[in-house]
Amino acid sequence: MPDRIARRLMLAVAATLVVGVARAGESYGIGREATPQEIAGWDIDVSPNGAGLPPGRGDVRQGEAIFAAKCAACHGAHGEGKPMDRLVGGIGTLRDKKPVKTVGSFWPYATTLFDYVRRAMPLNAPQSLTPDEVYAVSAYVLFLNGIVPQDTTFDADNLARINMPNRNGFVSADPPPEAAAKP
Amino acid sequence: MPPAIPEWQLHPGEEVLSQPYGRPSRFEANVVRRYRHGLPEPPTRLSSFSLTPLQDLSGIITPNGLHYERHHAGTPTIDPLEHRLIVHGMVEKPLIFAMEDLTRFPSVSRVCFLECSGNTQNWGAPNPELTVQDTHGLLSCCEWTGVPLATILAEAGVKPEAKWMLAEGADAAAMTRSIPIEKALDDALLAYAQNGERLRPEQGYPLRLLLPGYEGNANVKWLRRLKLAAEPFQTREETSKYTMLMPDGVARQFNFVMHAKSVITFPSGGQRLGSAGFYEISGLAWSGLGKVARVEVSTDGGASWRDAALQEPVMSKCLTRFRSPWQWDGGPASLASRVIDETGYVQPTREALLKLRDVRSYYHYNAIQNWSVAAGGAVTNAG
């Protein structure tokens, strides 16, 4: 009996040693807490529900001017592409032999457009557009695709509510189809 | 026959420290990364790729200077003293780390492959001029060292409702991907070293996310932010790119795992065999699901297969070198390899893969690769 207790004690001690400093709930105390102000400067992502959209607004007309100045050189005057990605058209082609994948035909969320332009565009000056400018360019690209009318103004309240044509065109791929492939 | 006493024995060689950071022999100057033959260069090399010269490498380790590249807005030049990682969102305590903080944590090293999911575009008629660098060069394998992501997430305290993690890079693309929390807590690594030295800038210096077995793009380089959330963020790279458009017009997204694949690197496209006789067929096999269990080799176009020898150690989610002796009779031959991983997954034929999806899905082409050997010894890509 005492032997068994002693063995259990030894096992408990051994387990403690193995777990060591990484015991659940215990911290290494390395790094420091990030303040809300610090996080705010870094937290630039926008989710499909609109979370993260900054204050601001921009309309199709403003977007047309910004697009001509900062986007058209790579994406074409009307988003037709060349040399870089085509942004406009192709709606209804995703079952075709040669589908045309654009913001209008393929992208499922308008928030993704805002998020991507804000973080990565234009290629030669990323994160240089103001929130107003990103709203405006987003409105213009969706106008070119016939998804919003010409008098559209985007802001944090309405952008996430845009119903993109391919909104339901994606499924999560787990497991993937080739998992069943046999030679 | 060279002279009995070669020229380089008749005078002293280069002094010690003639190269403080050593380089390959100048006779290996052709062993370099390059763009893909037969594909027009993209409009800008800021968003492009380069390919590892698999035909010139031995074993499984990719030298750091030959690791394939894929950047979306160039390689940033990051001062490690100015670099920070922020962990926030659905955590008990948002944290900020300097590089000197991250290197204090208990570290681990592991060897694993990275493969771009756009690797191998054999959907259409094979281009006979392609080499294995062209067809499979978006593949590399290094020993990576860093701190397990689970350690860092435990420091921050992940809330139970957090199911996804946004990883964001400090490059000009501010690259972002949503990662399932299960993977983040499983074998993900915050890597700061590669094959013994700090990461190369092209591979994410000073810090990258390493997700063993996952498609390259998800292994976000120049990592600066991790945000926990209940839902995926639906970033551009997980919606308009890195998704597989199926024949029915529906796109599959979150195709993370690189499934089992293998390729013969010798003899391979562009090489030429000499006289008939003995050759050692050699190649690489890998699986994002675990270890390679078996590799079979065919020299008759798949009519018959025999087991190849696997070089130890065989490691999970890592390249495995296989070898198979071959007596070439000097006539036409068709070479192929087929891998089976420890889960029982069998590398599909091209025909089997094409029954499921086609070039519209673009990513995750992992079918059996065939090399054609002509009488005379010329080796060409047969798709």
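Quick look at the numbers
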quantity: Number of the exception - B:L245 against (1) open to solvent by less than 10 Å² (accessible area, probe 1.4 Å); (2) closer than 28 Å to B:R321 by Cβ; (3) not aromatic (F, W, Y); calculated: (2)
quantity: Hits in the stretch A:63-99 - residues which are open to solvent by 40 Å² or more (accessible area, probe 1.4 Å) and more than 9 Å from every other protein chain (Cβ to nearest Cβ); calculated: A:E64, A:A65, A:A68, A:A69, A:K70, A:A73, A:A77, A:H78, A:E80, A:R86, A:I91, A:G92
quantity: Count of the stretch B:172-197 residues which are out of contact with any Leu (no Cβ under 9 Å at 6 or more places or on another chain), surrounded by fewer than 23 Cβ atoms within 10 Å (Cβ to Cβ) and either in contact (Cβ under 8 Å) with a residue 60 or more places away in the chain or at positive phi (or both); calculated: 4
quantity: Matching residues, the stretch B:48-65, being open to solvent by less than 30 Å² (accessible area, probe 1.4 Å) and more than 15 Å from the chain's Cα centre (by Cα); calculated: B:S48
quantity: Wholly within the stretch B:303-383, strands (runs of 3 or more DSSP E) carrying at least 3 residues that are surrounded by fewer than 18 Cβ atoms within 10 Å (Cβ to Cβ); calculated: B:320-328
quantity: Search result, residues across the stretch A:25-54 that are over 27 Å from the mean Cα position of the chain (by Cα), open to solvent by 50 Å² or more (accessible area, probe 1.4 Å) and either charged (D, E, K, R) or at the interface with another protein chain (Cβ under 8 Å from one of its Cβ atoms) (or both); calculated: A:E26, A:S27, A:Y28, A:R32
quantity: Residue check, B:E41 surrounded by fewer than 10 Cβ atoms within 10 Å (Cβ to Cβ), farther than 30 Å from B:T135 by Cβ and of a type in the set (D, E); calculated: no
quantity: Complete set of residues in the stretch A:116-140 that are open to solvent by 10 Å² or more (accessible area, probe 1.4 Å), among the charged types (D, E, K, R) and under 18 Å from B:T176 (Cβ atoms); calculated: A:R118
quantity: Residues being open to solvent by 10 Å² or more (accessible area, probe 1.4 Å) and among the aliphatic types (A, V, I, L, M) - total across the stretch A:100-112; calculated: 1
quantity: Test: residue in the stretch B:94-110 that is assigned to a strand (DSSP E or B), touching a Pro at 6+ places or on another chain (Cβ under 6 Å) and within 12 Å of chain A (Cβ to nearest Cβ); calculated: no
quantity: The stretch A:31-44 residues that are farther than 16 Å from B:A170 by Cα, paired with ones that are among the charged types (D, E, K, R) (beta carbon under 7 Å, 6 or more apart); calculated: A:G31/B:D101; A:G31/B:E155; A:E33/B:K93
quantity: Residues of the stretch B:203-247 satisfying the condition of being hydrophobic (A, V, I, L, M, F, W, C) and not in a strand (DSSP E or B); calculated: B:L207, B:L211, B:A218, B:V220, B:W222, B:A230, B:F233, B:M246
quantity: Hits in the stretch A:107-140 - residues which are away from chain B (no Cβ under 13 Å) and β-branched (V, I, T); calculated: A:T130, A:V134, A:V137
quantity: The stretch B:175-193, subset assigned to a strand (DSSP E or B) and among the small types (G, A, S), residue nearest to the other protein chains (Cβ to nearest Cβ); calculated: B:S178
quantity: So B:E129, is it part of a strand (DSSP E or B), surrounded by fewer than 19 Cβ atoms within 10 Å (Cβ to Cβ) and either in contact with a helix residue (DSSP H, G or I) (Cβ under 8 Å, 6 or more places away or on another chain) or modelled with pLDDT of 95 or more (or both); calculated: no
quantity: Matching option when the condition is charged (D, E, K, R) and outside any loop (DSSP other than H, G, I, E, B), among A:E26, A:E80, A:E38; calculated: A:E38
quantity: Flag if B:L46 is within 14 Å of chain A (Cβ to nearest Cβ), in contact with a Leu (Cβ under 9 Å, 6 or more places away or on another chain) and within 24 Å of B:N217 (Cβ to Cβ); calculated: yes
quantity: Among residues of the stretch B:50-76, those that are part of a loop (DSSP other than H, G, I, E, B) and closer than 22 Å to A:L123 by Cβ, counted; calculated: 6
quantity: Residue within the stretch B:131-150 that is over 24 Å from B:S287 (Cα atoms) and not hydrophobic (A, V, I, L, M, F, W, C) present; calculated: no
quantity: Test result for B:E14, acidic (D, E) and open to solvent by less than 70 Å² (accessible area, probe 1.4 Å); calculated: no
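The values are calculated or read from the model by the stated rules, or taken from the named source; none is laboratory data. Since the structure is predicted, the reported quantities are computational estimates derived from the model, not experimental observations. Please note: Cβ atoms are built from the backbone with ideal geometry, for glycine as well, and neighbour counts cover all protein chains shown. Side chains included, ligands, DNA and RNA excluded: accessible areas come from the protein's heavy atoms. Shrake-Rupley method; radii C 1.70, N 1.55, O 1.52, S 1.80 Å.
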